[in-house]
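Enquirer: Quick one: the structure is below, questions incoming.
The values are calculated or read from the model by the stated rules, or taken from the named source; none is laboratory data. All values reported here derive from a predicted model rather than from experimental measurement. Cβ: placed from backbone, ideal geometry, glycine included. Neighbour counts: every protein chain shown.
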Amino acid sequence: MISVLLVDDEPAILDVAQIFLERGGGMKVSLSESGPNALEMHGLHPFDIIVSDYEMPGMNGIDLLKEVKSRDPDTPFIIFTGRGREHVAIEALNLGASFYLQKGGDPKSQFAELKNMIEQAVRHKVAEGEVRLNESRLAAIIDLHQMHGAGTKEICDYALEKAIELTRSRIGYLAFVDEETATLTMYAWSRQALAECMIREAPLHYPLVSTGLWGEAVRLRRPVITNDYAAENPEKKGYPEGHVSVIRHMNVPVFEGNRIVMLAGVGNKETGYNESDIRQVTLLMGGLWQILKRKWAEEELRESEKRLRSYFDLPLVGMAITSPEMHWVEVNDTLCRMLGYTAEELVGKTWEGFAADDYPKGKTDQPSGALTGDVPAATFDKKYQRKDGSLISVRVSSMPVRNENGSVDYFVAFIQDITSLEKTRQELQASKERMTVTQEELGAARTALAEKNERLLREESRLRESEAKFQSLKENIGGGVLPGDPPAEPVAVQEHAEIIDSTPTGISRGKTADDQTDLSDRKFTLMDTITRHDIINKLTVLRGYIELMKESTEDPVMRSYIRRQERAVEAIQDITAFTRTYRDLGMKEPSWQDVAVAVRNSAGLLELKSVTIYMDLAGLFVLADPLFEKIFYNLIENALQYGKKITRIHISALEKDEGLVIIIEDDGTGITDDQKERIFEPGVGENTGYGLFLVREILSMTRFSIRERGPAGAGARFEIVIPHGSYRYERQSTD
């Protein structure tokens, strides 16, 4: 069961999201209406994942993301918001968010996508954490095996520091155990423990009977975790003055058969110790003990075969010894279970014989650099075929073992099964492909319904009338007069004067009409921002309940009403998006902008698929409205949507008598002569019809112009004319 913390300041959003996410089981959703409350809930009972809205009072979603990652960087986090700002998405992903999802789409698909994102993020965290720990432990064991010339103390110190690293502890120790004399011999302390300890002549030998909690693992013959060392415990003996302060403690006995031979302890982890920590220390110290045995055997025998035998059969990973000719000489049981063969069937075979069909025959699995000595070891991922015909994905770590003369005696290979990780990656890719197919099917269904249903024509006519009214409203707003407003000059000035005269000081008497206009603009902007945010949230709730209505009825009459509601909601969303951009137009002073950077930023927000964009704009800067980047986004999106057969877009600049001309041309279907001017009118197009209209409006803010000069049927060609004085070329750095 995945525990999800859903954060949004809209209770209705929380209710709808909880219904969709908890359907089908597998998730338990907890709700919070603010960032501070979410942090408190997560601190008391950490959740597997946090899903948060962006715009919330007090602490927005980005601030919450920063705070969560500062406390627990591994907690997956998803931004789920109605604010479709590109910079918010980029900032969230840069700060470590797993995904970014915008509200306002089809509820069923939207919440299915959100649920899929949650499952992927949690699954990825678990798999990544386990693989990371296993790889770190495996790397430590490999390093220990390669410490041929090191002494026992150096090897033990290294293993102890790795145990501290794997468990995220601060201190640690290592002791040898003599069960016959019931004595613990302290052999190694971690660097941090030595730095903090004030006892200069601590004893090395301790009778087991005199030890406190740190000897309990030997007495009980099992690992012991003490996550509250300050709590009362009858087994505690205390520690002398100057001893390292202990907050949490865990120690693990290492067995040789039924005999305990070593005791490893770690302490002062920031969070509580758990079974995963026991497993990592047990396996690492078990490997260390085997390595120590091998080293002691090396000192007596000096034979490479006995150096490897001390740990070869440990069930950590699949292992194989291969000859320089790549024939398997010996394999362990884990590798046999991975491939489904017995050891007798594998010995004498080559890596190539088990490669999957899509792996080129004749290509060796052992990198040539390891043979020549250029690299000491190599790691690579491969697919092999099991005896039953199924495929297994593995990660192979291979290193050569050399003779005294430096030639390769044999190879040691560690094989780890990563099939589950590959499956997770494939499921993610399949999910993306299914999403693409679903979007295409929805588009086809929308087109078919439009062609077969004559009633849509009447609705479209009514929508045109609504857009015409909206255009009239925008023009009136641009002139400073709203429909139905009373005359402003005499009434407003007179009333204002009366209010000023009634004050004791009369200092405000000089307030001008410009002040009133600025105040009106600020109120209008604030009202517009709040209203749009509320509309998006309400539309999300409305679409959620519309989807629930669709699932609860098969009545064709009711479903036709529901489809009309959906089309009305989509129209409101499109108009809301346009008003946001149009509101910001001309609100800020023009600034010098790098045209090439504007093109790259715009293209990065679109799915280009097989379309290639070529630019000849090096060093070109223009003095334009801050929304200048939106121009290239709309023009590239327009080409991708209507170009049909388009494969390339070329953007260049040419100086002429009239000024600088920026040319945006593609190899698509082009625009007919009767549409070359109409496409810049509001309402013309298959979606909102405001894309190219907005482009011309943005350009007009700085006296730029745009025209379409492409030959019909041979691709579109838009020309942006920039007057002299509004562009310049700067030398590009060669660093």
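The rows are residues; the columns are (1) at pLDDT 85 or above; (2) surrounded by 15 or more Cβ atoms within 10 Å (Cβ to Cβ); (3) polar (S, T, N, Q); (4) closer than 21 Å to LEU65 by Cβ.
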{"residue": "ALA92", "(1), (2), (3), (4)": "yes, yes, no, yes"}
{"residue": "MET117", "(1), (2), (3), (4)": "yes, yes, no, yes"}
{"residue": "ALA121", "(1), (2), (3), (4)": "yes, yes, no, yes"}
{"residue": "VAL126", "(1), (2), (3), (4)": "no, no, no, yes"}
{"residue": "HIS148", "(1), (2), (3), (4)": "no, no, no, no"}
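Enquirer: Another one. List the helices (runs of 4 or more DSSP H) inside region 151-254, counting only whole elements, that have at least 1 residues being of a type outside the set (Lys, Arg), modelled with pLDDT under 80 and under 38 Å from the mean Cα position of the chain (by Cα). Step through it out loud before you land on a result.
Expert: Working: elements: 152-167, 191-196, 216-220.
Output list reads 191-196.
Enquirer: Can you give me the number of residues within region 602-628 that are more than 19 Å from GLU697 (Cα to Cα), touching a residue at least 60 places away in the same chain (Cβ under 8 Å) and surrounded by fewer than 20 Cβ atoms within 10 Å (Cβ to Cβ)?
Expert: Pass one, region 602-628, residues more than 19 Å from GLU697 (Cα to Cα): 603-621.
With the extra rule that they be touching a residue at least 60 places away in the same chain (Cβ under 8 Å), the set shrinks to 605, 618-621.
From what is left, the residues that are surrounded by fewer than 20 Cβ atoms within 10 Å (Cβ to Cβ) are 605, 618-619, 621.
The total comes to 4.
Enquirer: Let me ask you something else. For region 168-182, enumerate the residues that are surrounded by fewer than 22 Cβ atoms within 10 Å (Cβ to Cβ) and of a type in the set (S, T, N, Q).
Expert: THR181
Enquirer: Something else about it: So, in region 63-90, how many residues would count as being surrounded by fewer than 17 Cβ atoms within 10 Å (Cβ to Cβ) and closer than 24 Å to LYS538 by Cβ?
Expert: Qualifying residue count for the region: 3.
Enquirer: Hey, another quick one. Could you go through region 189-198 and let me know if any residue there is farther than 30 Å from ILE78 by Cβ and of a type in the set (Ser, Thr, Tyr).
Expert: Narrowing region 189-198 to residues farther than 30 Å from ILE78 by Cβ: 189-198.
Going one step further and asking which of them are of a type in the set (Ser, Thr, Tyr), we end up with 190.
So far as region 189-198 goes, yes, one or more of its residues are farther than 30 Å from ILE78 by Cβ and of a type in the set (Ser, Thr, Tyr).
Enquirer: Further question on the same structure: Regarding TYR187, is this residue surrounded by 18 or more Cβ atoms within 10 Å (Cβ to Cβ), among the hydroxyl-bearing types (Ser, Thr, Tyr) and not assigned by TED's automatic domain parsing to the domain that holds ILE13?
Expert: no
Enquirer: Condition first: in contact with a Ser or Thr (Cβ under 8 Å, 6 or more places away or on another chain) and hydroxyl-bearing (Ser, Thr, Tyr). Can you find one or more residues in region 57-79 that meet it?
Expert: Keep residues of region 57-79 that are in contact with a Ser or Thr (Cβ under 8 Å, 6 or more places away or on another chain), which gives 57-59, 61, 64-65, 68-69, 76-79.
If we keep only those that are hydroxyl-bearing (Ser, Thr, Tyr) as well, we get none.
No: region 57-79 contains no residue that is in contact with a Ser or Thr (Cβ under 8 Å, 6 or more places away or on another chain) and hydroxyl-bearing (Ser, Thr, Tyr).
Enquirer: Report every pair of residues separated by at least 6 positions or lying on different chains whose Cβ atoms are under 7 Å apart, first residue within region 629-644 and free of Cβ contacts under 8 Å to residues at least 40 places away in the same chain and buried (at least 18 other Cβ atoms within 10 Å of the Cβ), second assigned to a helix (DSSP H, G or I) and among the small types (Gly, Ala, Ser).
Expert: Pairs that qualify, where the first residue is free of Cβ contacts under 8 Å to residues at least 40 places away in the same chain and buried (at least 18 other Cβ atoms within 10 Å of the Cβ) and the partner is assigned to a helix (DSSP H, G or I) and among the small types (Gly, Ala, Ser), are GLU629/ALA598; GLU629/SER602; PHE632/ALA598; PHE632/SER602; TYR633/SER602; ILE636/SER602; ILE636/ALA603.
Enquirer: Which fully enclosed strands (runs of 3 or more DSSP E) of region 1-108 have 1 or more residues being over 18 Å from ALA121 (Cβ atoms) and touching a strand residue (DSSP E or B) at 6+ places or on another chain (Cβ under 8 Å)?
Expert: Working: elements: 2-7, 27-32, 49-52, 77-81, 99-102.
In region 1-108, the matching strands (runs of 3 or more DSSP E) lie at 27-32.
Enquirer: Kindly indicate which of LYS676, LYS630, LYS656 is at pLDDT below 90, over 21 Å from LEU605 (Cβ atoms) and not hydrophobic (A, V, I, L, M, F, W, C).
Expert: Working: LYS630 fails: over 21 Å from LEU605 (Cβ atoms); LYS656 fails: at pLDDT below 90.
Testing whether each residue is at pLDDT below 90, over 21 Å from LEU605 (Cβ atoms) and not hydrophobic (A, V, I, L, M, F, W, C) leaves just LYS676.
Enquirer: What is the number of the single condition among (1) assigned to a loop (DSSP other than H, G, I, E, B); (2) among the hydroxyl-bearing types (Ser, Thr, Tyr); (3) within 26 Å of THR612 (Cβ to Cβ) that THR702 does not meet?
Expert: So THR702 meets the others, but not (3).
Enquirer: Give me the residue from region 686-701 that is surrounded by fewer than 17 Cβ atoms within 10 Å (Cβ to Cβ) and of a type outside the set (D, E, K, R) and, out of that set, modelled with the highest pLDDT.
Expert: SER700
Enquirer: Scan region 648-664 for residues that are out of contact with any strand residue (DSSP E or B) (no Cβ under 8 Å at 6 or more places or on another chain) and within 21 Å of VAL611 (Cβ to Cβ) and jot them down.
Expert: Scanning region 648-664 gives no hits.
Enquirer: Mind checking which residues of region 1-60 are basic (Lys, Arg) and at pLDDT below 90? Reasoning before the result, please.
Expert: Applying the first criterion (basic (Lys, Arg)) to region 1-60 yields 23, 28.
ARG23 - this is the single residue of region 1-60 that is basic (Lys, Arg) and at pLDDT below 90.
Enquirer: Among the numbered conditions (1) free of Cβ contacts under 8 Å to residues at least 60 places away in the same chain; (2) touching a Lys or Arg at 6+ places or on another chain (Cβ under 8 Å); (3) more than 26 Å from LEU263 (Cα to Cα), tell me where ILE90 comes up short.
Expert: (2)
Enquirer: Keeping to region 645-670, report how many residues are within 35 Å of the chain's Cα centre (by Cα) and without any contact (Cβ under 8 Å) to a residue 12 or more places away in the chain.
Expert: The total comes to 0.
Enquirer: Scan region 20-48 for residues that are surrounded by 14 or more Cβ atoms within 10 Å (Cβ to Cβ) and within 20 Å of SER109 (Cβ to Cβ) and jot them down.
Expert: Hits for region 20-48 are PHE20, LEU21, GLU22, MET27, VAL29.
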